[in-house]
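Only one structure is covered here, and it is reproduced in the block below.
Derivation of every value follows stated rules applied to the coordinates shown; laboratory data play no part. None of the values given here were measured: they were computed from a predicted structure. With ideal geometry, Cβ positions are generated from the backbone for all residues, glycine too; neighbour counts draw on all protein chains shown.
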């Protein structure tokens, strides 16, 4: 019985925290600063050779962020993101932010990595990060978004705002003097 309820919970997934965009803005800036520092290290490591700034930036991103396969799809009612996450992230290590036309997914986890080689093996902690930003193909309602982690797959469902709802919003804004 106990095993079945754990299996059903895994199938249902674990909710992922959804925050306001400004709450993730600092995180995005922090990651971009880390990438810029790493890109500069690559530039300096080559003796300050100019002309390879894009290559340095992309290498720095690759060094600091984990790649995750993702699929952004749109139906008549909603926009969906399915992302296969590396490194076995847990729901509490992920944060999602949705604005009407923008999505940000951020995550950070610590992994124990066994290092060896010519020396005796030892364990080191390594930080694994993801940061994905998407412009959405339609206007969505941030208040109705759900984000769920099912195993190593993050599923985000973002209901669209209908044309009717957009008109109502504009009418309310105009009548309140905004």
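Sort the following peptides by mean Cβ neighbour count (other Cβ atoms within 10 Å, averaged over residues), highest first: 38-44, 52-58.
Numbers: 38-44: 16.1, 52-58: 14.3.
Per-residue Cβ counts within 10 Å, averaged per peptide and sorted highest first, yield 38-44, 52-58.
On each of the three principal axes of the Cα atoms of the stretch 29-108, give max minus min coordinate, whole Å, ordered largest first.
53, 27, 21
Given the Cα-Cα distance of residue 88 and residue 14 and 0.36 nm per residue of separation, how much length would full extension add, in nm?
Numbers: separation 74, 0.36 × 74 = 26.64 nm, distance 1.33 nm.
The span from residue 88 to residue 14 would gain 25.3 nm if fully extended.
Can you compute the modelled spin-label distance between residue 163 and residue 146, with each label point 7 Å from Cα toward Cβ, in nm?
For residue 163 paired with residue 146, the spin-label model returns 2.8 nm.
Using a basic spin-label model with each label point 7 Å from the Cα along Cα→Cβ, how many nm lie between residue 66 and residue 54?
2.9
For labels at residue 29 and residue 155 in the simple 7 Å Cα→Cβ model, what's the distance in nm?
3.6
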